[in-house]
Amino acid sequence: QAATLVVPNGFDPERFRVDDPSSKTVDLLCVSRLLERKGLQHILAAAARLERPPRIHVVGDGPYAAELRAKAEALPLDVTFHGWLDNDSVELERLFRRCGIFALPSSSENFPVSLLEAMSSSMAIITTADSGCQDVVGDAALLTAYGDVDQLADALGRLVGDEKERFRLATAARRR
């Protein structure tokens, strides 16, 4: 009989651990390869619809970066593009520990480690249903249809405006 071999997925659940979501801001964090299918353009459009949009931090690089920056500059938003950050960087750790909302509105994913990192960091999460992301977050996130800016705006507005809901989802994410 063959021995069982456990292969880690490269995720350390203690790396960005935050047990008290009340210490976080309402800033929104997106950590992703910058590809059109990741849907960050939709979260920017959704945030622009809010009366009081959150400050947005985008971590990552890719072929869609220039177009995404141009879209952000054309909207009345406070968006900081941090570029690619090494997973061991102090700046990335600081963002995961400080930001209270995480979004990955991607059209398709396998098993995104960034969602696991956001969950371990007690973040309220917005992601897409039927994309592989739902399998990761279960009922510990707000789920939207890919590309549905109305649903994204509703979900983001709900998290920005409702501290109890943000904390409830952040706590559920950390527990999961």
* To do: Write down, largest first, the equivalent ellipsoid semi-axes of region 57-110 in whole Å, where each equals the square root of 5 times an eigenvalue of the alpha-carbon gyration tensor.
  => 19, 15, 13
* Asked: What part of the accessible area of the chain, given as a whole %, is carbon or sulfur when the probe is 1.4 angstrom?
  -> 48
* region 15-122 - percent relative contact order, Cα under 8 Å, separation 6 or more -> 44
* Structure fact -> Computed over the chain, the convex hull of the Cα set has an average projected area, in nm², of 10.6
* What whole-number value in Å² describes the accessible area per residue of region 77-176 for a 1.4 Å probe? -> 42
* Structure fact -> Shape call for region 94-143, from the Cα gyration tensor axes a ≥ b ≥ c (a/c under 1.5 means rounded, otherwise prolate when a/b beats b/c, else oblate), comes out prolate
* Rg/Rh (Cα only; Kirkwood hydrodynamic radius) as it applies to region 122-176 -> 0.96
* Asked: Between Val90 and Asp150, 0.36 nm times their residue separation minus their Cα-Cα distance comes to what?
  -> 18.1 nm
* Based on the Kirkwood radius over alpha-carbon pairs, what value in µm²/s does the Stokes-Einstein equation return for the translational diffusion coefficient of region 1-76 at 37 °C and 0.692 mPa s? -> 214
* **Added length on full extension, which subtracts the Cα-Cα distance from 0.36 nm per residue, Phe11 to Glu36** => 6.5 nm
* **Pairwise centroid distance, computed over Cα atoms, of region 16-57 with region 114-146, Å** => 12
* **Full-extension gain in nm, Asp162 to Arg98, via 0.36 nm per residue minus C-alpha separation** => 21.3 nm
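The values are calculated or read from the model by the stated rules, or taken from the named source; none is laboratory data. Model, not experiment: these values are computed from the prediction. Surface areas here come from the heavy atoms of the whole protein model, side chains and all, with no ligands, DNA or RNA. Shrake-Rupley method; radii C 1.70, N 1.55, O 1.52, S 1.80 Å.
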